[in-house]
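One structure is given here, and the rest of the page talks about it.
The values are calculated or read from the model by the stated rules, or taken from the named source; none is laboratory data. All values reported here derive from a predicted model rather than from experimental measurement. Cβ coordinates were reconstructed from backbone atoms using ideal geometry, including for glycine residues, and neighbour counts include every protein chain displayed. Heads up: the accessible areas ignore ligands, DNA and RNA and are worked out on the full protein's heavy atoms, side chains in. Shrake-Rupley method; radii C 1.70, N 1.55, O 1.52, S 1.80 Å.
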Amino acid sequence: MEILFFYLVAGVAIVSAFFVVKCRNPINSALNLVTTFICLAVFYVMLESPFMAAIQIIVYAGAIMVLIIFVIMLLNFGQTIKGRYTHGIAAGGLVSVLLMLVATQLVRSGDATGTGGPVTSAMIAEVGHTELIGRALFLDFVLPFEIAGVLLLIAIVGALIIAKQKV
Amino acid sequence: MVMTPEVLTLSNTPVLFTVAMLLKIAVAFVVMILIVAYATYAERKIIGRMQTRMGPTMTGPKGLLQPIADGLKLFFKEDMIPSQAHPFAFSLAPMMLLAPSFVAIAVIPFGSDLHFTYDGIQYVVPMQITDLNFGVLFILAMAGLGVYGIVLAGLASNSKYALLGGIRSTAQMISYELAAGLSIVAVFMLSETLSLRGIVLAQQGPLWGIEALKYIPNWYIFSQPLAFGLFLVASMAEINRTPFDLPEAETELVSGFCTEYSSMKYALFFMAEYANMITISAITATLFLGGWSGPFYGWMNFLIKVFAFMFFFIWIRATFPRLRYDQLMHMGWKVMLPLALANIVITGIAVLLWQ
């Protein structure tokens, strides 16, 4: 049952990812990308990490993609591209086939024997995924977390300086 | 011998569980559709009274059949898609606006647990379609998806007014989503859980556990009045309800993002507006007003709270003028966001001192 569901969602994810590249209308591409993100969220749920699933939808589908569509709207990219672009199809296809071969090789090279470390499925069910991530972020890895925050702040300030020469 | 009641799950009784689940889904869905239909009637009647008019009177006794007549009329109207529109995105937009608000209802507890005995075993059925241990995040995720409906409607219509409405609503929803999300953080700092059922259970008992205050319930509206106000206003802005209805400002943009829509698709936008109002009311009642707890039977308390919020929204619509765009942005980013952040810091300090 679960494996069937997985194949269904995986199929949708791959088809919509294909259409992200194929669509000539940027809005349709963006919509397909949203579908792919939602499929990824479903995978996170199946991997017993519901917090990641919620964050995937909130951040990627809810914020980043809305911003991308907002940019499409503001710059009026809404028109369909008329010309047919064929260059790069062969190279792109080759690279994706190679990638698929490498990924299959890696996945099939060994079997998972068990999970290591203190975080197990039973622990996730008992304590809760959100609490575990919160504890790890704010107790064990608080310094890297703060550094990442400062890094994002620098990026924002940099973007502001580039966008607005006169502040 | 006292038997401990067993929670109905898929593993212990698959058939009973499936039946109970389907019943819960059907009831929640039908009740929501009914409230949506009659919210339009209530809105016209109440606003009519507030403006010394009658509201609908002609269709049926006291105009009670008006929503059905409106629905029939819109249903039989010709469905038009402008020739320059993107047909797929144009049809998808109203559905994408309506669906998230219905999905969000799935995690809201709408009544106290139901106990019943079957085959000699006592079972407990939680009056909630599903209890996720990240329920609040799920609701925020669904609220985030609601933006697509309006954005797509604006973009796919290929019309200037619709595009302007779409751009306005995107900016507005992104700004106010932040304030709404941050204001709830203070609530689950107190409840120490993200499950909506857990949040309702944390609001039982006397206020702050003090026995002398046992006539005041421990609702988070008393511990978090600022968060309550921020969340209510930010949610109203997020669903484009009247003081914040710039995306469909009639005087400037004809009808905003839904200018090009007609017939059932247009009706879907209106259903979505009311469905969003119900969802926001239900979430606010759950987070701040103790969900189904109160003097009456579980689901009655919940419905009373939801209706009170609906009345409040309609009342606001009858009384407040629309904000200007710069006022809207100023309020979102410079007033509500800092207030929400300050509230989190204060709550954090209070929680630390209290322990």
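Note down the accessible area of residue B:216, probe 1.4 Å, to the nearest 10 Å².
Roughly 60 Å² of residue B:216 is accessible to a 1.4 Å probe.
Taking only protein heavy atoms and a 1.4 Å probe, what accessible area per residue, in Å², does the stretch B:159-314 have with all protein chains in place?
I get 35 Å² per residue for the stretch B:159-314.
Step through the table entries A:164/B:265; B:45/B:265; B:160/B:334; B:45/B:334; B:160/B:305, compare each Cα-Cα distance with 32 Å, and write down the pairs that go over it.
From A:164/B:265; B:45/B:265; B:160/B:334; B:45/B:334; B:160/B:305, over 32 Å: A:164/B:265; B:45/B:334; B:160/B:305.
Using just the helices of chain B, give the 222 nm mean residue ellipticity in deg cm²/dmol: DSSP H runs with n ≥ 4 each add -39,500 (n - 2.57), and the total is spread over all residues, rounded to 500.
One gets -21000 deg cm²/dmol as the mean residue ellipticity at 222 nm.
Under 1.5 on a/c is rounded, so check that first for the protein assembly as shown, then, if it is not, pick prolate when a/b is larger than b/c and oblate when it is not; a ≥ b ≥ c are the square roots of the alpha carbon gyration tensor eigenvalues.
Verdict is rounded for the protein assembly as shown.
Set Lys and Arg Cβ to +1 and Asp and Glu Cβ to -1, take the dipole of chain B about its Cα centre, and tell me which of B:293, B:57, B:173 lies farthest positive.
B:57
Sort B:58, B:300, B:21 by heavy-atom solvent-accessible area, probe 1.4 angstrom, most to least.
Largest to smallest exposure gives the sequence B:58, B:300, B:21.
At a Förster radius of 56 Å, what calculated FRET efficiency corresponds to the Cβ-Cβ distance of residue A:154 and residue B:72, to the nearest 0.05?
0.40
Could you give the C-alpha radius of gyration of chain B expressed as a fraction of 2.2 N^0.38 Å, taking N as the number of residues it contains?
So chain B has a normalised radius of gyration of 1.06.
Bin by bin, in steps of 5 Å, what percent of the Cα pairs in the stretch B:247-355 do you find, going until the bin that has the longest distance?
2, 9, 10, 13, 17, 17, 14, 9, 5, 2, 1, 0
Which of A:100, A:73, A:52 ends up with the largest GNM mean-square fluctuation for chain A, with Cα atoms connected below 10 Å?
Judging by the Gaussian network model, the answer is A:100.
Report, please, the projected area of chain A averaged over directions, based on the convex hull of its C-alpha atoms, in nm².
Its average projected convex-hull area is 14.7 nm².
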